Every structure is written in C-alpha cells, then in structure tokens.
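Below: the structure, in structure tokens.
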Amino acid sequence: MLKRIVVFTLLFFCSVPLYSQIVNIESLRSAADSNGWYGVENFNVTYTKNTKELFELNNNFTAQYKQDKSTWLFLNTWDVSIAADEKLEQNLLFHARYGYQQNEWLAYEALAQYQQNRPLRIRDRVLTGGGTRFTLFEKPSRKGYLGTLILYEYENELDNNIERHDPRFSAYFSAYLAKKDRLQWSTTIYYQPRIDYWEDFRTSIQTQLKLGIIKKLFFVSTLNMTYDAFPVQDPDIPNLTVKWVNGLALTF
C-alpha cells in the first residue's frame, strides 16, 4: 500500500537558507517500509516591502521510491533572495542516492550531488561516490546506523575561481529513539576528511527533538552545527556555522 505523508512546518523564527557544508540525508529518509513512492514538496514565497522590496523563494522536494531491496532517494533544495532585480543570496542542491539492502544489517549505497552556496562562497561543488551502510540495531522505539563512503569532490570557489579535486572519506552515525508518539529524538554525526590530507576535514552534527502536543501535531526543535577546517579562501567565512530552528509539524 502506498504510504504518503505531507508535512507542513510553521517556523517560530525566520526561515534559514541551507548554509551547511554537509547535507544530512539521514533526516530525510522515509520511514515507510512498503514498496512504492513517498514524497514531500514544500514551496514558500515571501514578499517584504519597507525601505525596498524583497522576494524570498524557498523550495524543498524529497522523493523516495522503494522496490523490494532497492531504494532510490532524490532531493532538491533551492533558496533565493531577490531585491531590486539583484540576487542577494542563492543556494541550490540536487542529491540522488541508490541503496541496495543486502541483508538485515548490510546495505550498499551510491550517490551523486551538486551544490551551489553563495553565503559560503561556493560556486560549484560536485560529489560522487559510494560505500556501505550498517544497521547496528533496529527496533520500533530505537534505531542505529553506521555509514562509510569514499567520495570524489570537485569544488570551485565563487570569488577567486580556485578549483579543488579531492578524495574524501565520509562516515556517519545515526540514532533514533522514541517513546510512543509523544517524544522522538534523533541525532546524526558526520565526519568527512580528505583522504590525502586528514587535517582538512568537515564534521557536522544534527540533533532533533519532537514533542507531541496533540494527535499528529508536534513541536520540533532542530540544531545543526558544522565545522570546516579549511573553508573557501575568504576571511569572512567562519569555520563554524550554526542553525537552530524551532517550529510546529503537522502530519496526516
């Protein structure tokens, strides 16, 4: 039976563009265990007029297709701010991933990703690679996974056209705990060093807490922190970026 869930999130704070250098795919995987399609599409338009006119467009699309042991995951995120016909900020991401479940504890994954991120001064970043995903434990109330991948990364910096071609190792640990439908907690930790120069690494952690208010209505608090030992060559770009989002989620 096809299982569909549509999630509308009402943020308490202003929407924050995708500034993270590491994309947390774990938080976007569907919990659906039956064959078929799962999808979420969120598109937002914000118009502000005070001293000048400002348009903000945001699109987040996730689709997953499962067929027996195979799973395809597709993700697209686009954020843009326009004022006086000038693009102030723009972030773009395309991600595709294929997974094959070999047995109860082992799966194989392959991925391709394209990213632009003006706030972090990244003109183009391309990632391709693959690896393994291990199920450490999997129960209805608690789940744990460990992933290891080998990646090729191409990066072109926005302001100086510096190009990089780097092999990277990527490891992640993901855990999920739930107490019925009232309390859900999840966290994912990523570590991505260059294989040929381990001092050049990125690490990221995302922690999310969901508290049930009434049936199908949750308060959601999500904290993202990313550290990049060697960001682009711009003194204004910090090593550490932080995003904390609080809001309401309605599922049906």
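The values are calculated or read from the model by the stated rules, or taken from the named source; none is laboratory data. Keep in mind the model is a prediction, meaning the values are calculated, not measured. Neighbour counts run over all protein chains shown; Cβ positions are idealised from the backbone, glycine included. For the accessible areas, the whole protein counts, side chains as well, though only heavy atoms, and no ligand, DNA or RNA atoms are used. Shrake-Rupley method; radii C 1.70, N 1.55, O 1.52, S 1.80 Å.
How many residues are at pLDDT below 80, open to solvent by 30 Å² or more (accessible area, probe 1.4 Å) and in a strand (DSSP E or B) when one looks only at region 73-89?
Count: 5.
Restricting attention to region 211-224, and to residues there that are open to solvent by 40 Å² or more (accessible area, probe 1.4 Å) and either within 12 Å of the chain's Cα centre (by Cα) or of a type in the set (D, E, K, R) (or both), which single residue is nearest to residue 189 (Cα to Cα)?
216
Please note which strands (runs of 3 or more DSSP E) are completely contained in region 107-210 and include at least 2 residues that are closer than 22 Å to residue 74 by Cβ, small (Gly, Ala, Ser) and modelled with pLDDT of 95 or more.
Correct list: 122-139.
Tell me which residues, restricted to region 176-186, are more than 15 Å from residue 215 (Cα to Cα) and surrounded by 18 or more Cβ atoms within 10 Å (Cβ to Cβ).
176, 186
Sort out which residues of region 125-142 are among the charged types (D, E, K, R), open to solvent by 20 Å² or more (accessible area, probe 1.4 Å) and under 19 Å from the mean Cα position of the chain (by Cα), and write them in order of number. Can you show your working first?
Filtering region 125-142 down to residues among the charged types (D, E, K, R) leaves 125, 133, 138-139, 142.
From what's left, open to solvent by 20 Å² or more (accessible area, probe 1.4 Å): 133, 138-139, 142.
Once the filter is applied, which keeps residues that are among the charged types (D, E, K, R), open to solvent by 20 Å² or more (accessible area, probe 1.4 Å) and under 19 Å from the mean Cα position of the chain (by Cα), region 125-142 yields only 133.
Being surrounded by 17 or more Cβ atoms within 10 Å (Cβ to Cβ) and under 17 Å from residue 119 (Cβ atoms) narrows it down to one of 235, 231, so name that one. Step through it out loud before you land on a result.
Working: 235 fails: surrounded by 17 or more Cβ atoms within 10 Å (Cβ to Cβ).
None of the others qualify; the one that does is 231.
Of the residues 48, 62, which is within 25 Å of residue 184 (Cα to Cα) and either part of a strand (DSSP E or B) or more than 17 Å from the chain's Cα centre (by Cα) (or both)?
On the way: 48 fails: within 25 Å of residue 184 (Cα to Cα).
When all the criteria are applied, what remains is 62.
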